[in-house]
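The values are calculated or read from the model by the stated rules, or taken from the named source; none is laboratory data. Note that this is a predicted model, so its numbers are computed, not measured. Counting neighbours? That spans all protein chains shown, and the Cβs are built from the backbone with ideal geometry, glycine included.
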Amino acid sequence: MVTRILASTLRIAVVMVFGIAAAMADQQIERGNGVVCDSPLQVERFIALDIDTSDAIARINAESPSGSTCEFIEAEFIVGGIVGDASNTKGIWEIRKVLIVGLIVGRARKPVLAYEKYTAFIVSKASPL
């Protein structure tokens, strides 16, 4: 009986280790630049404005009580789940949570204490008429 319990516990431990390893392999660190915001609604607003990036960021930040909610960064990040979608003249976008794990300054990578933001990835480009 003890042997059976021990064997069962060992099987569960092996499955957990492989499951954790597989989940970690799925979470690749990506590198890129773009707009990140504190909330999905701000990303949706950025997409809806469909104007120059700097102007859109300035407008959204001016509308915020804290004054700084969106920014353009170059970073290393892990892409999280889809939290919404939006569209504009450029196409259809998925709004996703991202975990920022590093910032790129010039050619150097600056590690940071990981923090969450939201951004959008285009999933379908609008076709020209």
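Things to note:
- Residue check, THR89 surrounded by fewer than 15 Cβ atoms within 10 Å (Cβ to Cβ), under 21 Å from ARG45 (Cα atoms) and among the polar types (S, T, N, Q): yes
Let's see how each residue does on (1) modelled with pLDDT under 95; (2) outside any loop (DSSP other than H, G, I, E, B); (3) touching a Phe, Trp or Tyr at 6+ places or on another chain (Cβ under 9 Å); (4) crowded, with 16+ Cβ neighbours inside 10 Å:
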| site | (1), (2), (3), (4) |
| --- | --- |
| ILE47 | no, yes, yes, yes |
| GLU71 | no, yes, no, no |
| GLU74 | no, yes, no, no |
| PHE77 | no, yes, no, yes |
| VAL101 | no, yes, yes, yes |
| PRO111 | yes, yes, no, no |
| ALA120 | no, yes, yes, yes |
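- Members of region 59-69 found to be surrounded by fewer than 13 Cβ atoms within 10 Å (Cβ to Cβ) and either in a strand (DSSP E or B) or over 20 Å from the mean Cα position of the chain (by Cα) (or both), listed by number: ALA62, GLU63, PRO65, SER66, GLY67
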